[in-house]
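Have a look at the structure below, then the notes.
The values are calculated or read from the model by the stated rules, or taken from the named source; none is laboratory data. In this text the structure is predicted, and so the values were computed from the model without any measurement. Don't worry about glycine lacking a Cβ; one is built from the backbone with ideal geometry, like all the others, and counts go over all protein chains shown. Remember, those area values only see protein heavy atoms, side chains included, never the ligands or the DNA or RNA. Shrake-Rupley method; radii C 1.70, N 1.55, O 1.52, S 1.80 Å.
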Amino acid sequence: MKTSADITPELLDGRWRSPFAAEVFPGIYGIDDFWLRSPFWAIHFNSYKDPDCGERLFELIITGFFDVLGPSAVTEGAREVDFSRTKTCLRLFDDGLIAAAEEVKAGSGHWEKGQWQDVSLGGCPPIDLPGVDDCPLEYDLLGIDGDRLYFGQRHHDEAGSIWTRRSPGLLDYYVVRVTDEPPQAGHGAEWGPTEWFRLTSSYPTRSGDKL
């Protein structure tokens, strides 16, 4: 991997999607689908128990604004980028996750499989998803290699998380620029303006109103 920090908002403009399900945590696989149009950003993320995307765990969206800063003084080939978070919506598919979310009273405190909830306030601790009240800003990194875009590492360690410090380095997996048909791995390749509008037009709430 040889990335460049020569990144501008204009270069990022467009949709970037995972070509395959990457192992984002041990035994957990994910499909990233980023939509960037400066100053706005959004991600549509799907998570699975298997690399073939047959066993769904959860699906989420996050929206906000982003600001491209200077090249990283720590990570070669990376640029510092701040991502604010203004809205988070989530739906769960796994029975164990549903039980865990209800135990900590995430969202409304009551979850139905495959039903969206707005968790902008409070997030969902069982999947390590903070709300915008706890995490209004992420201190991330980006690196680019042709039509491959690499984001920063997002794991927690003894130094904290990327909403308490800058991401410590780039991930070894990537998203690709969508210029025609998006990669079909996992769910969500068909997403477009209609889906984004439906989920982002609701008001953040803890009441559990269905989206």
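Quick notes on this structure:
- Among (i) 52; (ii) 36; (iii) 43, the entry that matches percent of Cα pairs over 25 Å apart as calculated here: (ii)
- Extension gain for the segment Phe65 to Thr200, taken as residue separation times 0.36 nm less the Cα-Cα distance, is 47.2 nm to one decimal.
- Accessible surface of the chain [probe 1.4 Å, protein heavy atoms]: carbon and sulfur percent: 52 percent
- Neighbour cut-off at most 10 other Cβ (10 Å), DSSP loop, trypsin sites (Lys or Arg not before Pro), the stretch 110-211: Lys210
- In the stretch 19-82, chymotrypsin sites (Phe, Trp or Tyr not before Pro) in a DSSP loop with at most 11 other beta-carbon atoms within 10 Å: none
- Of Ala185, Ala73, Ala106, the residue with the greatest mean-square motion in the GNM of the chain, using alpha carbon springs below 10 Å, is Ala73.
- Using a Förster distance of 22 Å, the FRET efficiency for Ser161-Glu190 (Cβ separation, nearest 0.05): 0.10
- With a Förster radius of 35 Å applied to the C-beta separation of Lys2 and Thr86, the computed FRET efficiency comes to 0.55.
- Taken about its Cα centre, the chain carries a charge dipole of about 380 debye when Lys and Arg each add +1 at the Cβ and Asp and Glu each add -1 at the Cβ.
- Between Ala73 and Arg37, the C-beta separation translates, for a Förster distance of 30 Å, into a calculated FRET efficiency of about 0.60.
- Think of a 1.4 Å ball rolled over the protein heavy atoms: the stretch 1-83 then has 45 Å² of accessible area per residue.
- Extension gain (nm, one decimal) between Asp95 and Lys49, 0.36 nm per residue minus Cα-Cα: 15.3 nm
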